[in-house]
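The values are calculated or read from the model by the stated rules, or taken from the named source; none is laboratory data. Fair warning: this is a prediction, and the values are worked out from it, not measured in the lab. Glycine gets a Cβ as well: all are built from the backbone with ideal geometry, and neighbour counts include every protein chain shown. With ligands, DNA and RNA removed, areas are computed over all heavy atoms of the protein, side chains included. Shrake-Rupley method; radii C 1.70, N 1.55, O 1.52, S 1.80 Å.
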Amino acid sequence: MKLASISLVGLLLAGQSFGAPSKCEPQPQPPQPPVAHKRPNFVVILTDDQDQLMNSLDYQPYVKRHFLDEGTSFTKYYTTSAMCCPSRVSLWLGQFAHNHNVTDESRPHGSYYKFQAGHLDDSWLPVWLQEAGYSNHYIGKFINGVNKNNTVAPKGWDHFEPLVSPGIYNFTNPIFSLNGGPLEAFPGVYQTDLILKKSLARIDALVEKKQEGGDNPFLLVISPTAPHDEIQEDGTFTPPVPADRHKHLFPDAKVPRTPNFNPAVQDKVGWIRDLPLLSALQVEEIDHHYRQRLRSLQATDELVDSVVKKLAANNLLDNTYLVYTTDNGYHLGQHRLFAGKQTPIENDINIPFIIRGPGIGKKQIKTNPATHSHFPATVLDLAGIKRPTNLDATSLFDPEHTESFNVEFWSNQFTEGGSKLKNKKNSYKALRLISQKHDLYYSVWCTHEHEFYDMKVDPYQLTNKYSAADRKLLDRLDALVVVLHDCKGEVCKLPWRTIHKDGHVRSLDDALDAKHDAFYSELPKFRFKSCKVYYDKDNEGTK
């Protein structure tokens, strides 16, 4: 039986007007126009599986010098699907995974093959920039599924030089292909160092083109695999391999022993609830894994320094926006989880995002909520290019932002080593709602279990308060999940407007007015019909 979709007509109150933005923390003002009326360049450094909450940035002095000290860090920035392929596709399309439907790393539900089958490169950020006169250049990891049988470049890239499987996750035997051409292997060469060399050569080529005359703005994406695990030929995940010059660093570093690290009491749901305490040997393995991640990031940190200096030496830095971010976060020992991502816990979804450039504040920290789906609108606004209408999120600098967004996943549990758990149900819809007053997490699992955490009170998500929470508050959160679970475009950006079309409710505080209690109590609740490892619209709806 197909689950009923919530009737928007049944949800809405009378009226069509919409008022002011939500009552969240004031948004940063849009940056000033770039210097000398030239269109700005963009350089994006995109790492793989880099954590925000285990302090990896503290071990990157050049990131601090060139990004944190010279730019603005968005500390409430998220991936909405904590896995490489769906997250990276959202970054370039500006859509949540339920809209682009690349939901896994491999076929049939993910990978480059699924991306191509959906013709997702017909309309995405590289194409929009290219149509406006930008040249676009990509070096490093793209997404899984780029292999010897499938190296064709997606639309929108003038220079597409991705890592190719099996050389994507091999730190000392990288394999590249240029614009769909023959494979080029580099045995014994450290991957990040090679990406740096290629990136500096690309900047030299772009400088030469600019010297020929004209505006010639560009987007350059540099994507090293670090600190992702290395993957062996048999599919085994092992800790990342640092460059030889870094392999003895940080001998005493350990995963931060936050309250959610291997907790004695495990108040979670589903398969995570049933995890045993990590053994002393597993904790030692986790700490070694952590050190290897930090060591592998040192070459990336050196890459940051070299790229910034190259831009400065060629008088490009003042008219270039630089971004440092990653695809998803990572857990190591939190909530007794060994190593990996894919869960909705904060370690997996809260990720670094730092931007510097014309008009961007220095040494600034912003806490307005944002996601990878906000990235295309941000770039287009900074470039002075009109946004398409199908984006699921607005710009980071747009004052009309929402408090809430959907986090979603459809898969069985997968652990990157250290556990023999298999086929545990890991499909969920989660809501993050963040404002000056609120910081809330609410999730609905395919097992029909729920979680609720007030992150201002319980930032480590230790005590599930779903059963004890105010039912009136949960009614509001349920309504948001129903609206956001399959939202598109403006509905994703302005969910309260869908629920209250008269515009009088623009935030959770507005919605909590007692006069709305009966209305919210009667609204249907979201649920999964069953646990599936892929997105099936007919499997999700209301009861």
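What the table below lists for this structure:
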| quantity | calculated |
| --- | --- |
| Top-ranked residue of the stretch 56-99 - restricted to ones that are outside any helix (DSSP H, G or I) and among the charged types (D, E, K, R), ranked as most open to solvent (accessible area, probe 1.4 Å) | E70 |
| Tabulated pairs, the stretch 241-265, first closer than 15 Å to V283 by Cβ, second small (G, A, S) and surrounded by 13 or more Cβ atoms within 10 Å (Cβ to Cβ), C-beta under 8 angstrom, 6+ apart or interchain | V255/G333; F261/G333; N262/G333 |
| Candidate set from the stretch 478-523 (those that are closer than 18 Å to L391 by Cβ and open to solvent by 60 Å² or more (accessible area, probe 1.4 Å)); member that is farthest from the chain's Cα centre (by Cα) | R497 |
| Residue check, L163 out of contact with any Cys (no Cβ under 9 Å at 6 or more places or on another chain), surrounded by 21 or more Cβ atoms within 10 Å (Cβ to Cβ) and within 26 Å of V308 (Cα to Cα) | yes |
| The lone exception for L382 - which of (1) free of Cβ contacts under 8 Å to residues at least 60 places away in the same chain; (2) part of a helix (DSSP H, G or I); (3) under 30 Å from V127 (Cα atoms) it fails | (1) |
| Positions within the stretch 363-379 being within 25 Å of T103 (Cβ to Cβ) and assigned to a loop (DSSP other than H, G, I, E, B), in sequence order | P369 |
| Among (1) modelled with pLDDT under 95; (2) under 30 Å from Q282 (Cβ atoms); (3) not β-branched (V, I, T), the one test that E400 misses | (2) |
| Candidates E212, E184, E233, filtered to the one that is at pLDDT below 95, among the acidic types (D, E), under 20 Å from I168 (Cα atoms) and open to solvent by 10 Å² or more (accessible area, probe 1.4 Å) | E233 |
| Candidates C446, C487 - the one that is within 30 Å of G333 (Cα to Cα) and either without any contact (Cβ under 8 Å) to a residue 24 or more places away in the chain or of a type outside the set (S, T, N, Q) (or both) | C446 |
| Looking only at the stretch 100-154, and only at residues there that are among the basic types (K, R) and within 22 Å of the chain's Cα centre (by Cα), the one that is least open to solvent (accessible area, probe 1.4 Å) | K141 |
| Given (1) outside any helix (DSSP H, G or I); (2) in contact with a Phe, Trp or Tyr (Cβ under 9 Å, 6 or more places away or on another chain); (3) crowded, with 24+ Cβ neighbours inside 10 Å; (4) not β-branched (V, I, T), index of the condition N347 fails | (1) |
| Residues of the stretch 263-276 classified as open to solvent by 30 Å² or more (accessible area, probe 1.4 Å) and in contact with a Lys or Arg (Cβ under 6 Å, 6 or more places away or on another chain), total | 0 |
| Candidates D502, D517 - the one that is out of contact with any strand residue (DSSP E or B) (no Cβ under 7 Å at 6 or more places or on another chain), modelled with pLDDT of 95 or more and not polar (S, T, N, Q) | D517 |
| Meets criteria (out of contact with any helix residue (DSSP H, G or I) (no Cβ under 9 Å at 6 or more places or on another chain) and of a type in the set (S, T, N, Q)) for N319 | no |
| Which listed residue, of A339, A370, is small (G, A, S), under 23 Å from Q413 (Cα atoms) and either within 13 Å of the chain's Cα centre (by Cα) or open to solvent by less than 10 Å² (accessible area, probe 1.4 Å) (or both) | A339 |
| Odd one out for E284 among (1) out of contact with any Ser or Thr (no Cβ under 9 Å at 6 or more places or on another chain); (2) under 25 Å from N170 (Cα atoms); (3) open to solvent by 10 Å² or more (accessible area, probe 1.4 Å); (4) touching a residue at least 60 places away in the same chain (Cβ under 8 Å) | (4) |
| Residue among R245, R293 that is open to solvent by 10 Å² or more (accessible area, probe 1.4 Å) and either touching a Gly at 6+ places or on another chain (Cβ under 6 Å) or at pLDDT 95 or above (or both) | R245 |
| Condition met for T172 (modelled with pLDDT of 95 or more and surrounded by fewer than 20 Cβ atoms within 10 Å (Cβ to Cβ)) | yes |
| So Y460, is it open to solvent by 10 Å² or more (accessible area, probe 1.4 Å), within 25 Å of the chain's Cα centre (by Cα) and farther than 30 Å from P376 by Cβ | yes |
